[in-house]
Amino acid sequence: MSGPVSGTNRSEAVWWQSGTVYQVYPRSFQDTDGDGVGDLRGITARLDYLAWLGVDAVWISPFYRSPMADFGYDVADYCAIDPLFGTLADFDTLIGEAHRRRLKVILDFVPNHSSIEHPWFVESRASRAARKRDWYIWRDAGPDGGPPNNWLSNFGGPAWTRDPATGQYYYHAFLPEQPDLNWRNPEVRAAMHDALRFWLDRGVDGFRVDVIWHLIKDEGFRDNPHNPDFEPHQAGINRFHQTYSCDRPEVLDVIAGMRAVLRDYGERVLIGEIYLPIERLMAYYGPELGGADLPFNFQLIQTPWRADAVAALVAEYEAALPEGGWPNWVLGNHDQPRIAARVGEAQERVAAMLLLTLRGTPTLYYGDEIGLGHVPVLPERAQDPWGRNEPGHGRDPERTPMQWEDAPNAGFTTGTPWLPLSADADRRNVETMRDDSRSILTLYRRLLSLRRDHPALSIGNWRNLTLDTDLAAEVFGFERFAGDETLRILLNFSTREWRVPLHERGAWTILLSTHAGRTGERVEGGLALGPDEGVILSPVGG
Ligand code: NOJ
């Protein structure tokens with residue numbers, strides 16, 4: 001009934017392999033000064049909650065000095081905190097308090113582009129002969145007097161903007177306010193390595209590197225090829241394959257350089273944000289695994305929510321991993337529709353169980369643990385520049401404030417929140433859900449606790465269960481095992497009940513079900529798996 005095994009016989013794992021990561025979008029986590037935007041002191045105030053929930057590391061989206069054209073993903077000083085979020089002293093307190101609770105802190109590093117207001121760019125644009133001219137990507141107009149090539153911005157429109165001061169164009173993969181740095185220039189690499197060291201010296205445990213696959217562009221700036229499969233509902237960038245604007249082979253050398261900086265500091269993690277198909281993604285582990293420790297795996301976000309599709313995906317991903325490469329899984333982030341909005345309230349529980357039982361490091365997105373879904377944002381309150389450029393692509397609905405209690409603004413702020421709360425915030429909040437044994441919050445906490453208690457789940461091997469065709473279309477089954485322990489996970493992606501045979505071993509106990517009231521139930525011969533139910537089974541006496 002079971003397929004090939006993946007994993008190694010590892011007895012020792014480092015923290016970023018056995019642990020779980022929790023992403024905080026700082027604007028939306030906790031406000032302490034009443035301006036309606038979250039801040040560093042707010043994160044510190046909520047560390048007890050994260051420790052209680054049972055995660056191991058917090059990744060904080062950017063809080064560096066920034067004009068906020070892209071809400072902090074446009075950095076004007078890589079070594080300073082934006083006053084909106086607090087001070088360096090606040091940061092030092094945050095990291096000290098996190099470490100006191102055994103929580104690791106991962107920063108968001110944004111090296112592909114800076115803000116247009118960064119002094120490096122100000123100097124670079126001053127003249128063609130400027131000392132830092134080559135720190136950014138400047139080109140003459142194309143033969144027709146327009147942009148140098150056909151590359152498009154990820155946020156709509158051309159990726160080149162003409163600067164009247166010198167008559168040349170600069171390249172920006174995102175907003176014109178986010179000029180791309182030239183990573184072929186060794187001075188840029190050195191300056192960025194210094195920025196990494198600045199934060200490592202302050203004690204950070206690693207980095208999530210923004211759009212890491214973008215860092216190097218084609219040396220000849222060749223036109224990108226047309227995408228014949230482009231559909232009008234897609235963002236404009238998809239009109240072309242991004243063949244020459246990103247995922248260039250030389251990028252692996254840049255990543256190895258960053259990794260070398262981290263290596264001097266011991267067990268630090270390098271996570272790379274990479275939206276690429278599985279076979280390309282694997283290259284980012286780097287030759288001899290000297291690349292990203294965790295090339296972010298967004299495949300669950302992109303795969304249709306069906307048992308057979310997810311099972312095929314997991315098997316394909318596991319099989320593609322290079323020897324020694326550690327897997328990881330993600331259900332959502334600040335750029336993607338919320339998982340609850342995508343799969344619905346019944347399946348979000350199955351999704352939680354899937355994320356926390358697959359082999360590899362899971363990253364949880366703040367608010368998913370209380371089941372935050374799509375929070376509608378009226379056009380007049382829209383914040384995201386992408387959504388303003390390309391209606392329908394705005395990311396505001398997945399960035400709304402965390403909901404803490406049944407109080408004004410759910411305890412997020414005493415002011416006016418920068419984005420609205422969900423209509424059911426009086427019920428959908430941590431305080432109300434934490435004591436409810438049926439809440440999704442309780443389910444997440446139990447899953448996190450099981451993961452900590454069972455090496456089979458945190459670092460164990462994985463094998464697929466081969467189920468009958470009808471069953472496999474709607475139920476995904478697999479096993480996790482380490483040492484003497486084997487756990488079996490069955491996830492029903494459908495709304496009908498299934499009887500799952502459990503012949504080949506003796507009796508099993510339900511360690512945890514997504515449905516309340518089944519924990520501890522003994523099953524033998526077969527299991528009635530309810531609609532939208534997921535279970536973790538442990539062999540009786542095994
Ligand atoms: C990826 C980030 O996750 C996204 O939020 C941002 O807008 C772009 N990179 C540009 O930095």
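The values are calculated or read from the model by the stated rules, or taken from the named source; none is laboratory data. None of the values given here were measured: they were computed from a predicted structure. Neighbour counts are summed over all protein chains in view; Cβ atoms, including those assigned to glycine, are modelled from backbone coordinates with ideal geometry. Calculation scope for accessible area: heavy atoms of the full protein, side chains included, ligands and nucleic acids excluded. Shrake-Rupley method; radii C 1.70, N 1.55, O 1.52, S 1.80 Å.
One residue is enough: does the stretch 105-112 have a residue meeting the conditions open to solvent by 20 Å² or more (accessible area, probe 1.4 Å) and either at pLDDT 95 or above or away from the ligand (no atom under 16 Å from the Cβ) (or both)? No; the residues of the stretch 105-112 include none that is open to solvent by 20 Å² or more (accessible area, probe 1.4 Å) and either at pLDDT 95 or above or away from the ligand (no atom under 16 Å from the Cβ) (or both). Looking only at the stretch 171-204, filter to residues that are more than 16 Å from the ligand (Cβ to nearest atom) and farther than 30 Å from D90 by Cβ; which one of those is surrounded by the most Cβ atoms within 10 Å (Cβ to Cβ)? Going through the qualifying residues, I end up with N182.
One residue stands out in the stretch 138-159 among those that are open to solvent by 20 Å² or more (accessible area, probe 1.4 Å) and closer than 18 Å to R125 by Cβ: the one that is nearest to the ligand (Cβ to nearest atom), namely P158.
For the stretch 38-68, a residue qualifies if it is within 16 Å of the ligand (Cβ to nearest atom) and over 21 Å from the mean Cα position of the chain (by Cα), and the qualifying residues are R65, S66, P67. Within the stretch 333-349, residues that are more than 16 Å from the ligand (Cβ to nearest atom) sit with their Cβ atoms under 6 Å from residues that are open to solvent by 40 Å² or more (accessible area, probe 1.4 Å), at 6+ positions apart or across chains, in these pairs: A341/H374; V343/W305. Comparison of F207, F221, F240 shows that the only residue that is farther than 28 Å from R102 by Cα, touching a Leu at 6+ places or on another chain (Cβ under 7 Å) and either open to solvent by less than 40 Å² (accessible area, probe 1.4 Å) or within 16 Å of the ligand (Cβ to nearest atom) (or both) is F240. Here R131, R162, R100 are screened, and the one residue that is away from the ligand (no atom under 16 Å from the Cβ), under 30 Å from Y22 (Cα atoms), over 23 Å from the mean Cα position of the chain (by Cα) and open to solvent by 10 Å² or more (accessible area, probe 1.4 Å) is R100. Scan G86, G72 and give me the residue that is within 14 Å of the ligand (Cβ to nearest atom) and open to solvent by less than 30 Å² (accessible area, probe 1.4 Å). Residue meeting the stated conditions: G72. Would you say D406 is acidic (D, E), part of a loop (DSSP other than H, G, I, E, B) and either within 16 Å of the ligand (Cβ to nearest atom) or modelled with pLDDT of 95 or more (or both)? It is true that D406 is acidic (D, E), part of a loop (DSSP other than H, G, I, E, B) and either within 16 Å of the ligand (Cβ to nearest atom) or modelled with pLDDT of 95 or more (or both).
Counted as qualifying within the stretch 37-137 are the helices (runs of 4 or more DSSP H) with 2 or more residues that are assigned by TED's automatic domain parsing to the domain that holds Y22, namely 40-45, 47-53, 88-100. When R263, R268 are screened for being of a type in the set (K, R) and surrounded by 20 or more Cβ atoms within 10 Å (Cβ to Cβ), only R268 passes. Is it true that some residue in the stretch 19-42 is open to solvent by 10 Å² or more (accessible area, probe 1.4 Å), at pLDDT 95 or above and within 24 Å of L457 (Cβ to Cβ)? No - not one qualifying residue is present in the stretch 19-42. For residues in the stretch 352-364 being open to solvent by less than 10 Å² (accessible area, probe 1.4 Å) and either over 23 Å from F481 (Cβ atoms) or charged (D, E, K, R) (or both), which is farthest from the chain's Cα centre (by Cα)? For the stretch 352-364, the residue satisfying everything is L364.
Does L300 qualify as being free of Cβ contacts under 8 Å to residues at least 60 places away in the same chain, more than 16 Å from the ligand (Cβ to nearest atom) and either buried (at least 17 other Cβ atoms within 10 Å of the Cβ) or hydrophobic (A, V, I, L, M, F, W, C) (or both)? Yes, satisfied. Do you know which residues across the stretch 243-259 are open to solvent by less than 60 Å² (accessible area, probe 1.4 Å) and either in a helix (DSSP H, G or I) or out of contact with any Phe, Trp or Tyr (no Cβ under 6 Å at 6 or more places or on another chain) (or both)? Of everything in the stretch 243-259, those that are open to solvent by less than 60 Å² (accessible area, probe 1.4 Å) and either in a helix (DSSP H, G or I) or out of contact with any Phe, Trp or Tyr (no Cβ under 6 Å at 6 or more places or on another chain) (or both) turn out to be T243, Y244, R248, V251, L252, V254, I255, A256, G257, M258, R259.
Taking the residues in the stretch 488-504 that are open to solvent by 100 Å² or more (accessible area, probe 1.4 Å) and touching a Gly at 6+ places or on another chain (Cβ under 8 Å) as candidates, determine which candidate is farthest from E474 (Cα to Cα). Top of the filtered list is H503.
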